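Only the coordinates and a few stated rules stand behind these numbers; no lab work does. Remember, it's a predicted structure, so these values are computed and weren't measured experimentally. Cβ sites come from the backbone with ideal geometry, for glycine too, and all protein chains shown count toward neighbours.
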Amino acid sequence: MTALAAEIRVPAATNRRLLASATLIAFGLVDILLFGLSGHHGDATFALSLFGSKVSVPSIHAPATPVAYVLGGISIAIGIARATVTESPVMKRLSIGVVLLFFVISLLAWSDTGSWTHGIPVNVVVLLQNTLADAIPLILGALAGCMGERAGVINIAIEGQLLLGAFMAAVVASTVGVLWLGLISGSLAGGLVGLVLGAFAIRYFVDQIILGVVLNLLISGITGFLYDRLLVPDANTYNNAGTFGPVKIPGLGDIPVIGPIFFDSTIFLYITYAAIILVQVGLFSTRWGLRVRAVGEHPTAADTVGINVLAIRYRNLVLGGLLAGIGGAYLTIGSVGTFSKDMSSGLGYIALAAMIFGRWTPLGATLAALLFGFTEALQSFLGSITVPISPFILGMAPYVATIIAVAGLVGRVQAPAADGKPYVRA
Amino acid sequence: MTSDSGNQPAGPDPAEPKQVLANASGPGSSEADSTTHSATATSGPPVRDRLRGAGPAIIDAVVHGSPTVVTILAIFSALVLGALVIAFSDTAVLHAWNSFAAAPGAALSATWHSVAAAYSALFEGAIFNPNTVSAAFHGGSIGAIFYPLSQTANQATPLILTGLSVALAFRAGLFNIGAASQWIGGAIVVTYLGFAISLPPVIHAVVCLAGGFAGGAVLGWLVGDLKARTGAHEVIVTIMLNYIMYNLLSYVLGTPTALQRPGQANLISPTIHANAQLPHVGGPPPQVGVGFLVALAAAAGVWWLLERSTVGFEFRTVGANPSAARTAGMSIPRTWVLAMLIAGGLAGLSGAVTIQGTFYTLNFQSYGTYGFVGITVALLGRAKPLGVVLAALLFGAFESGGAVMQASTAVPIDIIEVIEGLIVLFVAAPPLIRAVYRLRQARAEGVEAVAKGWNG
């Protein structure tokens with residue numbers, strides 16, 4: 001049986017390997033043909049320190065066209081190696097990462113030497129700061145998704161959790177005047193959505209995908225309604241929250257390059273660090289996590305050994321909701337300070353994509369969220385130096401990547417076995 | 001959380017996990033009604049046994065909460081909750097309640113007035129405004145009486161088509177969240193055909209409609225093909241395609257060499273030729289758009305396809321029980337691809353009638369939310385063509401009434417989204433409605449669960 005299955009799978013594996021190889025080579029060709037041949041002469045400047053910082057790191061100057069040729073050549077070599085040499089899984093992922101990195105460097109070098117830049121350097125520190133900032137709601141939302149789906153409940157309502165969290169955080173922080181209370185109520189709002197999701201999915205057996213879509217619609221409606229009804233007429237009372245300021249971690253924050261990127265940000269980034277570690281360690285190294293995963297893979301077996309399946313599902317949905325709610329709060333009191341209609345604008349769905357892309361693991365989801373956060377940051381950077389690439393084309397990247405992932409082109413993506421199935425005791 | 005659900009008066013029966021999808025793809029409401037009826041006639045309690053004819057069937061349906069009754073109660077409950085939201089977000093009402101102890105009557109009347117004003121405006125904008133009748137008697141236009149209804153039909157038109165798209169996929173066991181992306185696919189093709197080529201009157205409109213269907217069908221096909229070949233879950237792929245197409249729409253509308261209107265900095269396409277526009281029919285204004293007729297024809301076509309054709313039988317079999325379908329020699333991948341192709345085409349057609357019948361140009365205003373509301377329309381209509389048409393008319397009434405309500409009472413139209421969401425939430429959870437209204441367990445509803453995760 002297994003032998004037969006392996007035999008059948010061989011052509012698929014060969015196809016997949018050739019496809020992966022072709023993709024890598026294609027990236028290399030784009031580096032050479034687009035960024036190399038149609039490139040501009042001159043040096044691209046990569047700045048590595050913030051303007052006016054105490055310790056200044058010298059900028060890197062690189063000739064754009066040769067950089068594109070060299071990196072493109074290496075990418076093609078990696079692609080050919082991918083087709084001919086059997087690599088370990090780690091090497092496979094590493095090769096994809098390297099080729100993507102080379103692509104981005106060629107792109108940045110190309111865009112920084114065009115006639116449109118006016119000599120503005122590519123500030124790597126700012127780019128990565130923005131990456132982390134853009135990734136915060138994605139990471140927290142994806143962690144919420146992991147929590148729910150590892151316990152067997154599909155959570156499409158991440159979008160709604162972010163939106164309601166953003167709304168509640170702005171309104172409470174604004175009316176009470178205490179930012180911390182805004183953060184807490186935003187988090188609770190996310191937890192509430194998790195609870196409602198649980199009640200309908202677990203108690204009333206409503207299809208979880210339908211449920212998520214409907215909850216998102218409902219929350220979009222209710223926040224939009226209250227926004228027009230209360231927040232717009234009396235913005236001073238209801239929608240004037242302000243934001244958390246950056247907190248520099250002593251010592252670590254002063255390290256050149258790394259400090260300003262990782263250790264000089266708002267409280268939300270530090271909460272996110274903690275959440276990633278807690279969920280990752282919790283799910284994979286504790287008794288609690290073992291139970292959660294058992295419930296998500298085989299609830300009947302879990303029930304047989306005395307695990308309370310429904311309680312675990314409820315608890316995970318609420319805990320995940322609390323995290324997503326913080327991610328939502330970040331959108332208002334962590335970043336712009338005011339709420340606007342439908343401001344989550346699909347971030348919840350990108351978070352869902354990041355979770356799937358990260359194969360239902362917190363660390364994988366985080367890496368995927370960082371990748372998606374980077375494309376967002378890149379998009380706004382390229383927009384700011386008016387590169388003649390439509391930001392919308394770049395905006396498609398996370399979604400295209402996710403389709404490629406679920407279509408199995410970068411390895412098989414497998415959800416927890418009982419994900420989405422309501423548990424009914426026999 | 002042991003087995004407490006069994007103690008609830010009308011809680012969910014643990015042996016019968018009921019799903020909306022099961023309702024959608026299993027035996028539908030009409031069959032469920034008749035089964036309920038016959039069950040009563042043979043084995044019901046003796047009191048009801050003495051009653052014969054249509055009366056007891058209705059009583060039975062009400063007491064046990066047939067799908068129709070649950071739907072009506074769901075709409076009622078959603079309207080009540082919507083009323084509460086409207087009242088308690090009204091500053092005048094909140095003010096009156098602050099002095100509730102001193103003047104309880106004032107608080108209650110303020111609440112009543114707030115809700116009554118909003119809902120009567122909603123009704124007048126959607127169905128019938130009494131003022132137009134008296135105006136007609138005093139020399140006004142008789143047509144004006146029917147103006148709200150024509151608006152409702154116009155608003156319902158794209159929703160019928162996106163609802164049909166989602167419903168058709170449901171019946172084949174697929175969840176099409178991508179009606180929004182397929183709408184865009186259709187609309188882009190229609191807009192391009194509409195302004196870039198010139199054809200004689202009727203032919204141009206028909207070519208555009210066909211182009212819209214094709215534009216949506218390509219995206220639907222892509223989803224079905226990916227699922228059939230690689231097992232990629234259609235929900236994930238369609239969600240991602242929604243955002244890909246949204247970005248593509250922004251791109252083509254912002255690129256002068258693509259669809260951007262010449263000399264415009266905004267994201268808007270050129271107006272399509274008059275020949276490509278769908279006319280309005282039915283005497284002096286207000287009139288019903290031809291698009292509405294197209295949508296009704298599509299509903300009839302989908303009904304025929306599902307209920308009378310071999311292909312539709314395969315759709316329903318694959319949706320209800322893939323293993324049985326495979327055993328019977330049906331090709332599941334082929335069914336998936338075909339069902340998604342037609343579903344995508346219907347959503348693309350929705351884009352076509354919106355552009356050709358209402359806006360004549362493509363921008364984010366004409367994009368609207370038809371794709372997403374279509375999901376709720378399909379759920380409310382229980383994935384049956386007639387149900388979808390009725391549900392779309394209801395939501396169309398909400399949309400047209402909501403616009404009037406927003407204009408005359410300053411209640412934001414977003415409340416419509418809340419009410420629609422609540423309706424579908426309640427319809428999807430019949431046990432909840434039964435528990436709230438103390439209905440008995442429906443006997444005919446134990447349809448096999450079609451619970452599907454990402455792996456299904």
Quiz item: So how strong a dipole does segment A:12-120 carry about its Cα centre when Lys and Arg Cβ are +1 and Asp and Glu Cβ are -1, to the nearest 20 debye?
Solution: 440
Exercise. Would you mind working out the magnitude of the charge dipole of segment A:129-406 relative to its Cα centre, with +1 at each Lys and Arg C-beta and -1 at each Asp and Glu C-beta, to the nearest 20 Debye?
Key: 600
Quiz prompt | Burial ordering of A:ASP234, B:ASP414, A:ASP31, A:ASP264, fewest other beta-carbon atoms within 10 Å first | solution = A:ASP234, A:ASP264, B:ASP414, A:ASP31
Quiz item: Any idea how far apart B:ARG326 and B:ALA407 come out in nm if each label point goes 7 Å out from Cα toward Cβ?
Solution: 5.6
Practice problem: Excluding B:ALA391 itself, calculate the net charge of residues whose Cβ lies under 12 Å from the Cβ of B:ALA391, where each Lys or Arg counts +1 and each Asp or Glu counts -1. | Solution: +1
Quiz item: So what is the relative contact order for segment A:12-120, in percent, with contacts set as C-alpha pairs under 8 Å and at least six apart?
Solution: 38
Quiz item: Stretched out fully, how many nm does the piece from A:VAL336 to A:ILE385 gain, at 0.36 nm a residue minus the Cα gap?
Solution: 15.4 nm
Quiz item: Can you run phi through the Karplus equation (6.51, -1.76, 1.60; θ = phi - 60°) for segment B:263-280 and list ³J(HN,Hα) in whole Hz, with x for Gly and Pro?
Solution: x, 10, 9, 7, 7, 8, 8, x, 6, 6, 4, 4, 5, 8, 7, 7, x, 10
Practice problem: Would you be so kind as to identify all helices of chain A, as entire DSSP H runs, whose Cα atoms reach 27 Å or more along the helix's own axis and whose mean Kyte-Doolittle hydropathy is at least -0.5? | Solution: A:2-30, A:64-84, A:89-113, A:124-150, A:179-198, A:309-329, A:362-384
Exercise. Considering the options A:PRO422, B:THR361, A:LEU188, tell which one lies farthest towards the positive end of the dipole of the protein assembly as shown, charges being +1 on Lys and Arg and -1 on Asp and Glu at the Cβ, about the Cα centre.
Key: A:PRO422
Quiz item: Using a ≥ b ≥ c from the Cα gyration tensor of chain A (square roots of the eigenvalues), is it rounded, prolate or oblate, where a/c under 1.5 gives rounded and otherwise the larger of a/b and b/c decides, a/b for prolate?
Solution: oblate
Quiz item: What list of ³J(HN,Hα) couplings, whole Hz, do you get for segment B:172-178 from phi and the Karplus terms 6.51, -1.76, 1.60, once you set θ to phi - 60° and write x for glycine and proline?
Solution: 8, x, 10, 10, 8, 8, x
Quiz item: Taking neighbour counts of Cβ atoms within 10 Å as a proxy for exposure, in what order, fewest first, do B:TRP112, B:TRP183, B:TRP336 appear?
Solution: B:TRP112, B:TRP336, B:TRP183
Quiz item: When Rg is the radius of gyration of the Cα atoms in segment B:117-217 and Rh is its Kirkwood radius, what does Rg/Rh come to?
Solution: 1.16
Exercise. Apply the Karplus parameterisation 6.51 cos²θ - 1.76 cosθ + 1.60, with θ equal to phi minus 60°, to every residue of segment B:387-394 and state each ³J(HN,Hα) to the nearest whole Hz, in sequence, with x for glycine and proline.
Key: x, 4, 4, 5, 4, 5, 5, 4
Exercise. Might you report the magnitude of the Cβ-based charge dipole of segment B:308-402 about its Cα centre, with Lys and Arg at +1 and Asp and Glu at -1, to the nearest 20 debye?
Key: 360
Exercise. Taking H placed 1.01 Å from N in the peptide plane, check which residues at least 5 places from A:ASN123 or on another chain put their amide H under 5 Å from its amide H.
Key: A:ALA47
Quiz item: Once both labels are modelled 7 Å past Cα along the beta-carbon direction, what's the A:ILE393-B:ILE59 spacing in nm?
Solution: 7.1
Self-check item: Point-to-point label distance, B:ARG308-A:VAL176, nm (Cα→Cβ direction, 7 Å offset)
Solution: 6.3
Practice problem: Could you calculate the contour length gain from A:ALA274 to A:LEU29, that is, 0.36 nm times the residue separation minus the distance between their Cα atoms, to one decimal place in nm? | Solution: 84.2 nm
Quiz item: Once you sort the root eigenvalues of the Cα gyration tensor of segment B:394-441 as a ≥ b ≥ c, which label holds: rounded (a/c under 1.5), prolate (a/b larger than b/c) or oblate (the other case)?
Solution: prolate
Quiz prompt | Options A:VAL406, A:PHE263, A:PHE102, ranked by Cα towards positive dipole end of chain A, top entry (Cβ charges) | solution = A:VAL406
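For a Förster distance of 45 Å, can you work out the FRET efficiency between the beta-carbons of A:HIS61 and B:PHE364, rounded to the nearest 0.05?
0.60
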Quiz item: Does segment A:68-188 classify as rounded, prolate or oblate by the C-alpha gyration tensor (a ≥ b ≥ c root eigenvalues; a/c under 1.5 gives rounded; else a/b over b/c gives prolate, otherwise oblate)?
Solution: oblate
Quiz item: Once the dipole of segment A:129-406 is set up with Lys and Arg at +1 and Asp and Glu at -1 on Cβ about the Cα centre, which of A:THR386, A:TRP360, A:VAL292 lies farthest towards its positive end?
Solution: A:VAL292
Practice problem: Averaging sequence separations of C-alpha pairs under 8 Å and six or more residues apart, then dividing by the length of segment B:96-197, give the relative contact order as a whole percent. | Solution: 13
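Of B:TRP221, A:TRP288, A:TRP360, how do they rank once you tally other Cβ atoms within 10 Å and put the fewest first?
Ascending Cβ contact count within 10 Å gives the list A:TRP288, B:TRP221, A:TRP360.
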